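Written out below as C-alpha cells is the structure these notes cover.
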Amino acid sequence: MGVFKKVEGKDRLVLKQRGGAIVFLESEEDFQIIAKRWFFNEGEDILFKPADAYEAGTGGGGCKAVIDLVEGCRGDGIKAFGLVDRDALLNDRNWSLWWEDQDDEFLAARPYGDSIRVLLRWELENYLFDPEAMADVANDAAMTSTHTADSIVESCLKCADELKDRTAATVAARAANLSQPSEAFGCDPPLHGSAMTEKLRDHLSKKGHENAGQAMTDERRRIDRFDSLTAPARERWERLVRMLDGKASLKYLSFRTGTRFDERRGDLARRMSEKKAVPTEILGYIEEFKTAALP
C-alpha cells in the first residue's frame with residue numbers, strides 16, 4: 001500500500017463517501033484520453049483518477065502505482081479498479097501471458113487480481129491506430145480529403161517490418177535489463193528495411209547486449225505470431241497492432257506518412273468517440289467496473 005499512503009486522508013474520505021466505481025489509470029495522458037474524450041459523460045457512476053496525480057513531481061504513475069492504489073483503496077473499503085497496459089507483463093517478466101496470442105486466453109487471465117484489467121494491446125496508444133480516425137486527422141492536417149481508412153491501413157502495413165523490428169528491439173532490451181531505443185529512434189529521417197534492422201542491432205550491442213542479432217531474431221519470431229499475412233488488410237492490422245511498441249510505432253508512422261499522429265493523440269481519441277469507435281474491449285471493462293460497484 002506504499003503508493004496509497006501518499007493519498008491524503010481527506011481524499012480517502014471523499015473517495016469512500018462518493019459511491020460508484022473509482023478507476024485508476026496509469027498517467028495523466030491516459031486520463032485525458034479515457035476520462036475526457038471517451039467516457040466524459042459517465043456522470044456519478046464512475047470516477048477516473050490518474051495514478052501519477054498521487055506522486056506529483058516524482059515521475060510517479062505507471063502500472064505498479066495503479067496496482068498499489070487499487071489495493072490500498074480496496075483495503076479501505078473503496079470500490080476501486082484499475083486499467084494497466086499490457087506491457088505491465090513485460091515489466092514483470094510474465095512471459096507466458098505476455099506472448100499469449102490467443103485473445104480469449106489472454107482476456108480470461110487475471111494476473112493482478114479481479115479488480116485490475118490488463119489491456120489486450122501493448123499500451124493505450126495502440127488503440128489510437130484506428131484507420132477512420134487516422135484518415136480524418138490526416139485529411140485535416142493537410143487540408144485535403146484524399147486519405148481513406150483503406151489507404152491508411154495500406155500505409156501502416158507498408159511499415160510492418162520496421163514496426164516489428166522496432167518492437168523486437170524494445171523487448172530484447174527490456175528482457176536484458178538494458179535501456180531501450182528512444183521513441184524517436186529511426187524516425188528522422190525514417191529508416192527503412194535492413195537499415196532499420198542493422199541500426200537497432202548496433203544500438204543493442206552498444207548498450208551491452210551480448211547477442212543482439214539473435215535476440216532480435218527471436219523476439220521478431222514471437223511478434224510474427226500476432227500477425228496474419230493472409231488476412232484481409234484491416235483484419236491483419238487489427239491483429240498486428242496488439243503487439244507493437246505503441247508510442248514508438250505511432251511516432252515512426254508519423255514521420256513515415258508525413259502526418260504527426262503522435263502530436264495529435266487527443267484528436268484521434270475524440271474522432272473515435274464521435275464515430276462511436278471507442279474500443280469495445282475498454283467499453284466492456286468500464287461496464288464491468290460500474291456493475292461491480294453497485295450496492
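General observations
- Ranked list, fewest to most other Cβ atoms within 10 Å of each Cβ, for 34, 282: 282, 34
- Among residues other than residue 287 with Cβ under 12 Å from its Cβ, the summed charge is -2 (Lys and Arg +1, Asp and Glu -1).
- Between 0 and 90 degrees, the angle of helix 9-18 with respect to the longest Cα principal axis of the chain falls at about 90 degrees.
- Amide H within-cut-off set for residue 24, under 5 Å, with H built and near neighbours excluded: 49, 81, 82, 83
- Cα centroid separation, region 254-295 to region 89-154 (Å): 10 Å
- Set 79/276; 64/164; 158/247; 199/247; 158/199 screened for pairs whose C-alpha atoms are more than 23 Å apart: 79/276; 64/164
- Positive minus negative residues near residue 214 (Lys, Arg vs Asp, Glu; Cβ under 11 Å): 0
- Between helix 246-257 and the chain: long-axis angle, C-alpha atoms, 0 to 90°, nearest 10: 40 degrees
- Of 213, 82, 246, the one that fluctuates the most in a GNM where the chain has Cα springs shorter than 10 Å: 213
- When the P(r) of the chain is calculated, the portion above 25 Å amounts to 51% of the C-alpha pairs.
- Other residues within the sphere of radius under 9 Å centred on the Cβ of residue 190, judged by their own Cβ, net out at -1 (K and R +1, D and E -1).
- Computed FRET value (nearest 0.05) for residue 44 with residue 97, which takes r as the C-beta separation and R₀ as 41 Å: 0.75
- GluC sites (Glu not before Pro) restricted to DSSP loop in region 176-245 with at most 14 other C-beta within 10 Å: 210
Every read-out reported here was derived from the displayed coordinates using simple, explicitly stated rules and does not represent laboratory data. It should be emphasised that the depicted structure is a prediction, and the values quoted were computed from it without experimental measurement. Ideal geometry is used to build each Cβ from the backbone, glycine not excepted, and the neighbour counts take in all protein chains shown.
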